[in-house]
1. Hey, with R₀ at 25 Å, roughly what FRET efficiency would residue 579 and residue 373 work out to, going by the Cβ-Cβ distance, to 0.05?
2. Counting only other residues whose beta carbon sits under 15 Å from that of residue 634, what net charge do I get with K and R as +1, D and E as -1?
3. Using 0.36 nm per residue of separation minus the Cα-Cα distance, give me the extension gain between residue 638 and residue 35 in nm, one decimal.
4. Using amide H atoms built 1.01 Å from N in the peptide plane, name the residues 5+ places from residue 252, or on other chains, whose amide H lies under 5 Å from its own.
5. Sequence-distant or interchain residues sharing an amide H contact under 5 Å with residue 418, placed H: which?
6. Can you work out the FRET efficiency for the pair residue 407 and residue 163, with r the C-beta to C-beta distance and R0 = 51 Å, to the nearest 0.05?
7. Does region 50-189 classify as rounded, prolate or oblate by the C-alpha gyration tensor (a ≥ b ≥ c root eigenvalues; a/c under 1.5 gives rounded; else a/b over b/c gives prolate, otherwise oblate)?
8. Along region 110-125, what does the Karplus equation 6.51 cos²θ - 1.76 cosθ + 1.60 (θ = phi - 60°) give for ³J(HN,Hα), rounded to whole Hz, x for Gly and Pro?
Amino acid sequence: AKRPRGPPWADGGPCRCGRLCGLAMVFETGLAELLQSQAARFLHGFNAEQLRLGVLSGRLELCNLTLNPEPLDSLLLESEIPCVVKAGLLSSAAVQVSLLQGELELTVDGLTLLLSPVCRRLSREEVLAHRTSEVQRLEFVHTRSQSQRRSLEREMFRQLFADYLSRLKVTVRNVHVRLEVEGECGDSRGGNTVFGAILSSCRITPLPLSSGGAAASFVGLPPYGGGSSGNSSGGQHGAASGDGRAAGAELLLAERIDVEGFAMYHDTPDIAKLHIDLETYNATRKCPHGVFERVDQARLSEALSRRLAAQLVAAPAGQLLPPTGFAVGVDMRSQPLREGHHVDSCLTMEVVVHVTGPSRLNFACSTVEYARWLARRMGDFQLWHFLHTEASPGANSSARWHLVRRFLALKRRIQGNKYSLEEAVAMRSHCKEYVRLYKKRFNGPESTIAWRKTLEPLTEEEGVRLEDIELVYPADKLVNFRLMAHAEMKTEAALNGSSPHSTRGVASPSASPASAWSGNAGDLYGRGARELTPLERLHLHGQQGYGAGIYRGLPPPSSSLKIRIDIQAPEGLCWICNLDASAHRTASGPSTPSAVAPSWALALDCSAQPVRVTLVDSIVDASVFGTVEIPPAPEGERNLALLLGRSAAAFAS
C-alpha cells in the first residue's frame, strides 16, 4: 500500500518552525541595528553584544551599560536641580511586552549615579529652550479660564492612566546615588563632603479603578481620630468628606509604590573620598566615553560596590538613615465643586505614605549646614541662566568683579523683585518693544487671521531681538508681556471688524498687498487694516499696564488641584541630632554607638506611638492645613519626649 504523503518537514524538508525562527532572527538583527544607531544619544560605547533580544518572547534586555550624562543633565536642568551627572552605570534594563494583555513591564537593576553640584556654563540655545519650557507651562495656566484648565487636566489624567500608566509596571532594584561636593564645604571652604542614597527595590504597580483607589489597598492601619483635619474648602465651595472623598467623585488614577531597603549616608569632609574629581570631569565632558577616558570603569564599579557593602553592614547609629521601607499610594479623583449656583469639577490628589519600618534619623549639625548650603545653591541656580548668556568674564580681576556685581544685581531684581530706576526704565522700554515684535509673529501671508495677512511679518533680525529680550527677564514677566500683546490683538480685531476665523478683507491671489484692504468689497468703509496707536494702547492697559503691572508680575492663579498628604508611621519615630558639628562617623560606619565622637545630642523619641501627619491645601486660597495625630502610648511605655543626652550612646537603649 502506498503510504500517504505528509507535510514537507516529515521527509526531512524545511521545517515551518525553522522558517519562522529564521524570520525572527532577521527581524531581531534589523531591530538590533536600529537600536544600536539610536542608543548613542543615551549610552556610551554601546555594541550589539550588550543587547539580548527575543522577538517571540517579547523581551528586550540591555546589559552592562555606560550612561551618557547629557540627557540626564538636561532633565536636571528642566527640574531646576543644580547638579550634573559625572558618571552613570547600569547593570541591566529589561522590557517585557505582553501583546495579548497589552501590558508593558520595565525592570531596571544596578543603577549607579555620581552627581556633583557644578555650575556648568549653559549655551544660548540651552537657556532659550529652558526659558521656552517655563513660558509654556505658565501660558497653559494664565491663558485659559479655570473651567477650561480643569476640563483639560481631567481629560489629560484620564487618558494618561487609561492609555499608558494602567498598562505599565516598573521595578527598580539596587540603586546607588552619590552626591560628591568638592572644595566647597568645611570650615575653610576647602573640604569635600559626600551624600548618598541607597535603594534595594522599588515597585510601581497600577491598580484597577474598580478597587477604590490605592489608599484603600493599605490594610492594618492603626485607628486614628476621625476629625476632618481641615479638609473643608470653606465658604460656598463644596466640602469633601472626612476621608478626603466627596460624593460623586470619579477615580482617574490609582498607583501604588512599594519601597524596600531605602537608606542614606553622609561622609563628612575629614573622611569623604571623591571617586571622580571636577578636573577629570571638565577635561573629559566632550569625550566619546566621558570620564571613562581617564577613569577605569571596572575599578570605579568595584570601589562603589565596596562602599555600598560597607554601608549596608554598618550599625544603625553610624548611618544617616538606616534601611527602612515604606509604601506610597497615589489617587487622582475628579469631584464636583459647587461655586454658588454653578457646579464645576475639581481634581483631588490623595497621597498616603505608610512607613512599614521604623523611622530613624541620625544626623549632626554639620549635616544641616550642608543641606542649607545646597538649598542656597538651588536658589542661586535660577540666576545662572541670566549670567551664562553674557560673554566670559575673562581672566583679569576687573572682569570677575563686574560679574559678581551683575550677579548681586540679578539676585536683587529676580529673587527680591526690586528694581533700580535705570532697570525700571529699561524694563518699560523692553516691554513695549517685546509687545510690538511679538504681535508681528501673527502677521504675514501665512497668518491664520485674515486681516493680518497684509501686515509686515517678523524679520530674522527682529526674531533675534525678541530672543534677546526673553533672555533678560524671567518667564512670569514674559508671559505678562504676551498677555498684553494678546489684549491688543483682540482689540485690533474688533476695530478691524474681523474675527480670528473670518475671511473678510482677504485679497485675491492676483491683488497686491497694498490693495488687499483698500477698496475691498468686504470692507464696508474701504479702510485698510490698522493697529492701535500709542495713545490707544495707553488707554487699553491703563495706568497699571506699563506701570506697576509689569513689575509686579502675574497674579497667582486659582488652584484647580487639591492635594491631601497623609503620612503614617505605625512604629513611631526616633530622630537623633548631634549638636557638636565636629562629630563624625567613619566611612564604614561604627560597630557600636560609642564609636561616635562624644558630643551633646538631642533626640525626638516617639518609638512606642504611631504618628500620623495630614497636610491638606485649600482650593480657595494658598493656605495649607496641617494636623499631627499621636495617640497615647501603651501602658508602661514612654510617651512622646524630647531628650537631651551627653552623647548619642545615651539613646542606644
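The values are calculated or read from the model by the stated rules, or taken from the named source; none is laboratory data. As the structure is a prediction and not an experimental result, all values here were calculated from the model. Positions of Cβ are backbone-derived with ideal geometry, glycine not excepted, and every protein chain shown enters the neighbour counts. Please note that ligands, DNA and RNA were not included when accessible areas were found on the heavy atoms of the full protein model with its side chains. Shrake-Rupley method; radii C 1.70, N 1.55, O 1.52, S 1.80 Å.
1. Details: r = 19 Å, r/R0 = 0.75.
FRET efficiency, residue 579 to residue 373: 0.85.
2. Details: positive: 638; negative: 571, 605, 635, 637.
Residues near residue 634 contribute -3 overall.
3. 211.1 nm
4. Placed amide hydrogens put 332, 333, 334 under 5 Å from residue 252.
5. Distant-sequence amide H within range of residue 418: 413.
6. Numbers: r = 46 Å, r/R0 = 0.89.
Step by step, r from the Cβ atoms, then E = 0.65.
7. Here region 50-189 falls in the oblate category.
8. x, 8, 10, 10, 10, 10, 8, x, 9, 8, 7, 6, 8, 7, 4, 5
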